[in-house]
Amino acid sequence: MKKIKRIAILCLAIILFTPSAVAAQENKGLALTIDAKSAVIMEASSGEIIFSQNADERRAPASVTKVMTMLLIYEALEQNRITWDDIVTVSEYAASMGGSQIYLEPGEQQTVRDLVKSVVIASANDGAVALAEFISGSEESFVDLMNKKARALGMENTSFKNSCGLDAEGHFTTALDIAIMSRELITKYPSVEEFATTWMDTIIHKTARGEEEFGLTNTNKLVKWYSGTTGLKTGSTGEALYCLSATAKRNDMELIAVVLGAPNPAVRFQEAMKMLDYGYANYKVVKGELPGTVVGAIPVAKGKEAEVAVMVESLISNVTEKGSNTELEGQIHINENISAPCEAGTPVGEIVYTYEGAEIGRSALVIEEAVEKAGFGDMAGRVLNIWLK
């Protein structure tokens, strides 16, 4: 009898601690398992995790690496360190990348725009390295920026060794970290969607032989297969197997579904669609006031204006299961007054949001416009108006 009990306990332990069972426990018993080494679903506005399966397992990410490369490219564009029309001369090193490429030649010149288009649409390794060298002087320096950005974003299990995602010793990340950098890219630079949702396009090779048109086809089949797709990046190598960071937006909710280590390309897309369907079928987002919403006013001591409007600085949102009618509740705290002069955007309080009694986030409250210090004439006129009233 004791032997039978021991066998039963052993069987139960095996059931409980198989990867699928652990994934189910991680996700509160929800009926979703993914045919891949690791996976995660994140809601973009809040960064909340809806589902995870081995999300912190370090794995080779293949060309999904380029999400970070793209993030730094768009950051350089925003900061005017480069422009869309800048001309990039392709180095011999960049042209030698192999793998997924657009067959750039040493000395060939391309605009930043066409190289970015090639990286986002066709996952061009040679284009990614050419841009990395253009921005930082060398791929090595650019990779240093990638790792610094990863640390700044809290990507605790990531180490980049190149800008394009070719297998390399010590080059790894996780499904969770990919979701984090994907969120940063699509929320901070939503214009990436222009290229990420383009199915086919062309560039012109400009070489010693003359000009030749080269076709680009999106490696992300969800652009054609899944309604609401906004991007983002595929990847595959011998070590990484088949990977994908898929983003989609429906009913004002944007989801990020990351699949790492799928056994084949079809499964990669199939599992991503399953994850996105699951998220949209079971969850919704409740949001606080939009940034820029005026929620009150504050007196300005010694100001040219007696008071100034106060507005919400950032969006706070929360993911909840469908069927719940609870909304966010916001409690506003505004300082008694401020003194002029003061600049637009000066913090003067905060709005604290709760959901079902629990705090889920805070946004600063800031003044809408700058207020100059009042001169003698302003003060005299104000006193006169008060007296006349």
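The values are calculated or read from the model by the stated rules, or taken from the named source; none is laboratory data. In this text, all values refer to a predicted model and were calculated from it rather than measured experimentally. FYI the Cβ positions are ideal-geometry reconstructions off the backbone, even for glycines, and counts take in every protein chain you see. To get the accessible areas, we keep the full protein, side chains included, count just its heavy atoms, and leave off ligands, DNA and RNA. Shrake-Rupley method; radii C 1.70, N 1.55, O 1.52, S 1.80 Å.
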Scanning segment 47-66 for residues that are hydroxyl-bearing (S, T, Y) and either out of contact with any Phe, Trp or Tyr (no Cβ under 8 Å at 6 or more places or on another chain) or assigned to a strand (DSSP E or B) (or both) gives S52, S63
Might you let me know whether segment 349-363 holds any residue that is surrounded by fewer than 16 Cβ atoms within 10 Å (Cβ to Cβ), more than 28 Å from the chain's Cα centre (by Cα), within 30 Å of K284 (Cα to Cα) and modelled with pLDDT of 90 or more?
no
With the requirement that a residue be in a loop (DSSP other than H, G, I, E, B) and of a type in the set (D, E, K, R), what does segment 86-103 give you?
D86
Checking the structure you have, find out if any residue of segment 219-234 is touching a Cys at 6+ places or on another chain (Cβ under 8 Å), crowded, with 18+ Cβ neighbours inside 10 Å, touching a residue at least 40 places away in the same chain (Cβ under 8 Å) and within 30 Å of N147 (Cα to Cα).
yes
For segment 100-142, how many residues meet the condition of being within 21 Å of E211 (Cα to Cα) and over 24 Å from the mean Cα position of the chain (by Cα)?
11
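If you go through segment 252-270 one residue at a time, how many are of a type in the set (G, A, S) and closer than 16 Å to E57 by Cβ?
The initial filter retains those residues of segment 252-270 that are of a type in the set (G, A, S), namely 257, 261-262, 266.
Add one more test, that the residue is closer than 16 Å to E57 by Cβ, and what stays is 261-262.
Total satisfying the criteria: 2.
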Collect the residues in segment 296-326 that are surrounded by 14 or more Cβ atoms within 10 Å (Cβ to Cβ) and in contact with a Phe, Trp or Tyr (Cβ under 8 Å, 6 or more places away or on another chain), keeping them in residue-number order.
I316, N318, V319, T320
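Taking the conditions exactly as written (more than 18 Å from the chain's Cα centre (by Cα), of a type in the set (G, A, S) and open to solvent by less than 10 Å² (accessible area, probe 1.4 Å)), does A94 satisfy them or not?
Here the answer is yes, as A94 does meet what is asked.
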Only one residue in T293, T247 is open to solvent by 20 Å² or more (accessible area, probe 1.4 Å) and among the β-branched types (V, I, T), so which one is that?
T293
Could you check, for segment 182-202, whether at least one of its residues is at positive phi and in contact (Cβ under 8 Å) with a residue 40 or more places away in the chain?
no
Qualifying positions in segment 160-196 - among the hydroxyl-bearing types (S, T, Y) and either open to solvent by less than 30 Å² (accessible area, probe 1.4 Å) or at pLDDT below 95 (or both):
S163, T173, T174, S182, Y189
Inspect all residues belonging to segment 348-370 and state whether any of them is without any contact (Cβ under 8 Å) to a residue 12 or more places away in the chain, acidic (D, E) and either within 15 Å of P299 (Cα to Cα) or assigned to a strand (DSSP E or B) (or both).
yes
Given the conditions (1) hydroxyl-bearing (S, T, Y); (2) over 30 Å from A374 (Cβ atoms); (3) out of contact with any Phe, Trp or Tyr (no Cβ under 8 Å at 6 or more places or on another chain), report the number of the one that Y278 does not fulfil.
(3)
Looking at (1) open to solvent by 20 Å² or more (accessible area, probe 1.4 Å); (2) in a loop (DSSP other than H, G, I, E, B); (3) modelled with pLDDT under 95, find the lone condition where T83 falls short.
(3)
Can you find, within segment 37-52, the residue that is farthest from V267 (Cα to Cα) among those that are open to solvent by 10 Å² or more (accessible area, probe 1.4 Å) and in contact with a helix residue (DSSP H, G or I) (Cβ under 8 Å, 6 or more places away or on another chain)?
S45
Which members of segment 206-218 meet the condition of being open to solvent by 30 Å² or more (accessible area, probe 1.4 Å) and of a type outside the set (V, I, T)?
K206, A208, R209, E211, E212, E213, F214, G215
